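Participant: Here's a structure for you.
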Amino acid sequence: MGKYKYTIVIEQDEDGMYIASCPALQGCYTQGETFEEAVNNIKDAMRLHIEARNSLGERIPVERVVEEVEIDV
C-alpha cells in the first residue's frame, strides 16, 4: 500500500483523557487513557482510515508542509 507520514495532535481533556487527531485525515480521531495509548490508537485509526479510502477508490491526502510557529501573548 505504501508509507504515509502525517502530523498528529494530542490534547488532554479536563477528565485527563488524551484526545488524538490527524488534521490531514479529516474525521480521523481517537482517545486514550495515556499519551502512549492515544498515539497507538491514532496510528490504528489512521491505518483504517487510509484502508477505507483505498477500498472506495478515494484519493489519499498527502501532507506537504507543516510549520510550527511560536507566538508571544
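Participant: For residue 31, enumerate residues with amide H under 5 Å from its amide H, sequence gap 5+ or separate chain, H modeled in the peptide plane.
Facilitator: Answer set, sorted by chain and number: 20.
Participant: Write out the trypsin sites (Lys or Arg not before Pro) in the chain meeting two conditions: DSSP loop, and at most 11 other Cβ atoms within 10 Å of their Cβ.
Facilitator: Those satisfying the criteria are 3, 5, 59, 64.
Participant: Right, here's the next one. Which three extents, in whole angstrom, do the alpha-carbon atoms of segment 9-55 cover along their principal axes, largest first?
Facilitator: For segment 9-55, the Cα spread along each principal axis is 36, 16, 12 Å.
Participant: With each run of n ≥ 4 DSSP H residues scored as -39500 (n - 2.57), what mean residue ellipticity at 222 nm is computed for the chain after dividing by its residue count and rounding to the nearest 500 deg cm²/dmol? Please list the in-between numbers first.
Facilitator: Working: 1 runs with 21 residues, N = 73.
Per the formula, -10000 deg cm²/dmol.
Participant: Farthest toward the dipole's positive end in segment 9-68, which of 35, 24, 61, given Cβ charges of +1 (Lys, Arg) and -1 (Asp, Glu) about the Cα centre?
Facilitator: 61
Bear in mind these aren't lab numbers, they're just calculated from the coordinates by the rules spelled out. On a predicted model such as this, the values are computed, not experimentally measured, just so you know. Cβ sites come from the backbone with ideal geometry, for glycine too, and all protein chains shown count toward neighbours.
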